[in-house]
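The next block holds one structure in the form of structure tokens; read it before the comments.
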Amino acid sequence: MTCSSRADSRQKGLFPSIASVLRSLALVAVVWSLTACGTAALQVSPEYQTTAPSADGIGRVYLGREIAQTMGHQGAGWLDRPSRVLQERPRAAIAALDLHPTDIVADIGAGTGYFARRIAPLVPQGRVLAVDIQPEMLALLQTELEAKGIENVEPILGQLDSPNLPPSSIDLALMVDAYHEFAYPREVMTGVVAALKPGGRVVLAEYKAENPMIMIKRLHKMSVAQVRREMAVVGLEWVKTDDSLPEQHLLFFQKPA
Ligand SMILES: C[S@@+](CC[C@H](N)C(=O)[O-])C[C@H]1O[C@@H](n2cnc3c(N)ncnc32)[C@H](O)[C@@H]1O
């Protein structure tokens with residue numbers, strides 16, 4: 001009896017000990033999943049990874065590309081530099097867009113409207129929606145519009161994650177030297193696709209990352225392969241790549257009809 005009692009008491013002492021260890025482990029697992037794991041799922045969108053920021057980057061990586069810093073309005077004068085005519089050939093770039101007079105064109109990341117202002121006369125029965133996230137850029141654009149008497153350009157304040165455009169309202173979304181610095185490219189492009197009419201077009205002008213001789217900061221250039229990868233994930237169909245400009249690719253996409 002005594003031995004048996006001792007054995008029973010040892011067994012009783014042993015089993016609760018394993019059970020309590022298992023309970024503790026289970027508790028740790030539950031707490032971990034509700035804190036570390038759960039928090040990670042809430043804070044980090046699966047589309048983006050985080051890295052130590054490069055000199056010209058924001059430390060957010062999208063489909064293998066670190067997103068560039070936004071060009072501040074303090075540098076807006078650079079957008080209207082006279083040398084841009086030779087460097088970017090805006091007349092040839094706009095001719096390549098093959099615009100129709102009734103087109104509704106969204107210039108996303110319009111800045112001071114260097115392109116919006118030049119496109120406006122080509123869409124006399126349409127208009128240009130000039131979207132930017134910096135009110136200061138839009139104020140500079142407004143001043144230019146008034147000075148030049150341009151009436152069919154409408155400044156629109158966008159958000160970091162939305163172009164703030166109505167659904168199925170635009171024929172063409174143009175992004176010149178801008179897309180690479182969108183902090184939430186997937187979300188903005190999802191909004192752009194929703195804003196396009198069926199069959200509507202998207203055109204990106206980006207400095208050629210494949211050419212190391214082009215003196216533009218690394219993250220402010222994009223390769224054809226990268227642009228195509230990023231447009232494909234939001235359902236845009238690649239149409240063509242025009243490499244006739246000296247330093248930029250013009251990439252054309254279409255929303256399926
Ligand atoms: C380098 S500037 C180019 C401006 C203009 N496209 C041009 O070629 O003159 C890039 C512009 O994109 C704007 N931008 C950055 N992120 C944006 C976003 N998520 N939505 C709209 N505009 C954005 C910036 O505020 C800046 O004015």
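The values are calculated or read from the model by the stated rules, or taken from the named source; none is laboratory data. Fair warning: this is a prediction, and the values are worked out from it, not measured in the lab. Cβ sites come from the backbone with ideal geometry, for glycine too, and all protein chains shown count toward neighbours.
Counting only strands (runs of 3 or more DSSP E) that sit wholly inside the stretch 196-256, those with at least 1 residues that are crowded, with 18+ Cβ neighbours inside 10 Å are 196-208, 248-254. Counting the residues of the stretch 181-191 that are part of a helix (DSSP H, G or I) and either over 10 Å from the mean Cα position of the chain (by Cα) or near the ligand (Cβ under 9 Å from one of its atoms) (or both) gives 5. Whenever a residue of the stretch 76-91 is assigned by TED's automatic domain parsing to the domain that holds I119, its partners that are of a type in the set (S, T, N, Q) and near the ligand (Cβ under 9 Å from one of its atoms), lying with C-beta atoms within less than 9 angstrom and at least six residues away or across chains, give the pairs A76/T112; A76/Q134; G77/T112; L79/T112; D80/T112.
Scanning the stretch 209-228 for residues that are farther than 18 Å from G57 by Cβ and either in contact with a Leu (Cβ under 9 Å, 6 or more places away or on another chain) or within 12 Å of the ligand (Cβ to nearest atom) (or both) yields a total of 2.
What about G111, is it surrounded by 16 or more Cβ atoms within 10 Å (Cβ to Cβ) and modelled with pLDDT of 95 or more? Against the criterion (surrounded by 16 or more Cβ atoms within 10 Å (Cβ to Cβ) and modelled with pLDDT of 95 or more), G111 qualifies.
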